[in-house]
Every structure is written in structure tokens, then in C-alpha cells.
Amino acid sequence: MSDDRPWLDGFRNGEPAALERTFRVYAPYALVILRRGFTASRGGYVNAVTDVDLQHDLLQEVFVRVLSPQVRQRYDGLRPFSVFLRGVVGNVMLEEARRQQKAMARGPVEPVELEDLPEAAPWTPGTPLPEQAAISQQERSLMQDYLATLTPEERRFVGVRFEEGVSQRDAADALGLGRHMVRTLETRIREGLRTFQDQWRRNRPPENPRT
Amino acid sequence: MDNPRQSDNQLDRILGAGALSGPEADRLWEQIAPKVIQPAPSWRTAVASWWLRGGVGLVMAAAAVLVWRIPDSMDGMRPRGGLGQAVLEGSCGSPVPCTVGQPLFLRVTPASANVMLFVLLRDAQHTSLLVDGVVLTGGLQTLNVRVVPEAADAAAGMTLDFWTFESAPAADVKDALRAGRLKPQGTLHVPVKAAP
């Protein structure tokens, strides 16, 4: 965002399109931080958030904050936006960890400063995210078996709508479908997986507790 | 995998091979958007007047670049309850001056909520009431107005006079306002250059 002036100005001005773009582009990066946890430079470890629904709650909190007028104005537009976002994610995670009393005793109690988070290279939109594929081997195996039952069109839909993560509007455009059809397909595929999963679990070999 | 009834989020995450899936992102944005996007101006109690100039429609304001900000002093000018220190801002997507044909968007920060805004546009060929009593609900608010400078505006630019009132002004006040006889609470001058 820092090198895209119209986007940056739209973000600062609270323009809806710019805010949504910010969320859509950076939410996957925020999710990566949420699910791998972090060590603060002043010591202490904040646990990774592994529960998908809790990840949603925290992502929502992160972006409500980062898109609020007060926090938007604090972004200087010079540093990569991912660095700025990382600080907000860190604070939200720390608050959640404290709430759950899971933070280590020596963890910091004051808000996380940007510099506290591990100084990984800033993420640039469009580049691969670390630890993108964070599902278990079992889930991956389930997914592969389920995909094999779908038609080529349905598999393409899964690729666009679920794996690439595009919005319903953009998926409809990309696939030449109406939005109603996108919704219908989405529900059908999701519920299909739910049903398939039950059967798949009954038929698979006993689980190795170490995997 | 041990959860007998997984949530839509969990299933969508599996379908996304671990990435944030589109349905998840859509659900999240539906929750976030109402909390971070300023409400559009209320049209229920105000008379909304959208003017067409030069064949170009006035449409919902879109993403725009803030290029200048002129908080005019309202000292001594409080017509019939009009509140001081409202700030009208303009943006045409690039540094000033705006270019002919390049849409200008407007937004306003009123000094208090529930005031009525009037904006009079003066350019090379017209004087027209661009915003006719839109109720401002407080905070920064984008106006549902888009103005496109014409070639004739390149010489002197465009001028936007504005007023806020606590209640609907009397007819004679509005007449004076339209005629440019009422001193504005603030003025935004928009320099315009010819298209390259």
C-alpha cells in the first residue's frame, strides 16, 4: 500500500473501496501471524491461535482496529503496511492471551511495540505467504479424496473461490457465473464435504495418535 | 477432525487448503464493514438535490485522493443557527489543480451532528445549488456528489460556498443563498487545469 498513492489516500480517507481492499489483501497475512504466534523481543511467547473460529474473531478485531479512523491516521505510509499491521495483530493476540491467561508469566504486560515482534522481512502483497498451508495431513488427505469426487467445474470453483480466496463478486466474474449460482455452488460443495467427511472418517484406518 | 459438526469456517478452511477462503473473507468483511465505514448521508429528512452539469451525472462518491483542505473561518457568520467550523474538503484523485474532465469528490466534517448542509457551486458558466439541505449525521461524511470540471473552468477554477444550519432555512434565506447574496460560512476554491 505504501507505494500505491491512491490506495493509501483512500485508506486514510476511509473510502469504503480502499478499506475493503486493505482487508482483502492483508487478511491472509494477519492470519499467518495469528496461527503461528510470536516471541516478543522483550521476552515472552504468545501462543498461536489454532482454533479457526477464534482466528475469525481475532481477525475481525484486528481489522476493526486497523481500519478505524484513529488507527488509520497512525500509519505513516512510509514503512510497509505489513509491519504496521503486525503490531496491531500482536496487540490483539496479546490481549487474547491475557484474557485466556495463557501468556507466559514473563511475557510483557504493556502493549506490543512494532519493534517487539520478530523482524521478519515485511510481507509484500502478491508474494507467497509463509505457512500458508496450515491444515493437517488428515485434512489434506480428506480434501484430496473429496476433490476427486467433484466435477472439473466444481474443482475449478473450489480453486478460485476457496483456495485463491476471491470474493463472491470476483468469483462470479472470473467464472462467468451469477452470484446466486456462486452461493448455490458454495453451499453444495461445503455441505458435500460435511457429508463426505462423515463417511470418510468411518472408512479410514484407525488414527495414529502421534500424527 | 474430531469435531463431529464442524463450522462453516472450518470446512471452508479445509476447502481452501489452509488459506483464508473467499467465503470466510466475505463473512468477516460483512462483520467488519459496518463498524469501520462511515454511514452515507441520510436522505430521509433532507431534500437531496443532485445536479447534472455538462451531461455528467452526479453519482456516489468513490475512492478518492485528498488533495487539499481549506478550513475556512466562520467567524461572525452563523446564519440562523448555522454552526461554525465545518470543514469542506475536495479531492480529484491527483494533486491540485484538478484536470478538466477529472471528477471532483467532496466530503465534509460538520462541527456537530444533525445540521443541514448547503453547497453552492460557482464556476465559469453556472451558479447552482449542488447540495441542498443534506443532513449531516456527524463525523466525516462523504457527499453523494461528483463534479466534473469543464474546459471553461480552466481559467478561473470552480468555487464552492457552503453553509450549515441547525434547521431548514426560511425560503428567503435559501433564495439569498442561491443568489450568492448570503455570506458563506466557508469557501473551497478548486483550481482547474486543461486536460493534457
Taking +1 at the Cβ of each Lys and Arg and -1 at the Cβ of each Asp and Glu, which of A:54, A:77, A:64 sits farthest along the dipole of segment A:46-85 towards its positive end, judged by Cα position relative to the Cα centre?
A:77
Nearest 20 debye, what's the magnitude of the dipole of segment A:137-203 about its Cα centre given +1 on Lys and Arg Cβ and -1 on Asp and Glu Cβ?
180 debye
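When you look at the Cβ of every residue in A:137-149, what mean number of other chain Cβ atoms sits within 10 Å?
On the way: counts 0, 2, 7, 3, 0, 2, 5, 1, 0, 2, 2, 0, 0.
Mean shielding by partner chains, rounded to a whole number: 2.
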Taking every residue in A:160-168, how many Cβ atoms of other protein chains lie within 10 Å of its Cβ, on average?
6
Take each of the peptides B:176-189, A:135-148, average the number of other beta-carbon atoms within 10 Å over its residues, and list them starting from the highest.
B:176-189, A:135-148
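Every number here is computed from the coordinates shown, using simple stated rules; none is lab data. Because the structure is a prediction, the values reported are computed rather than measured. Virtual Cβ from ideal backbone geometry, glycine too; neighbours counted across all protein chains shown.
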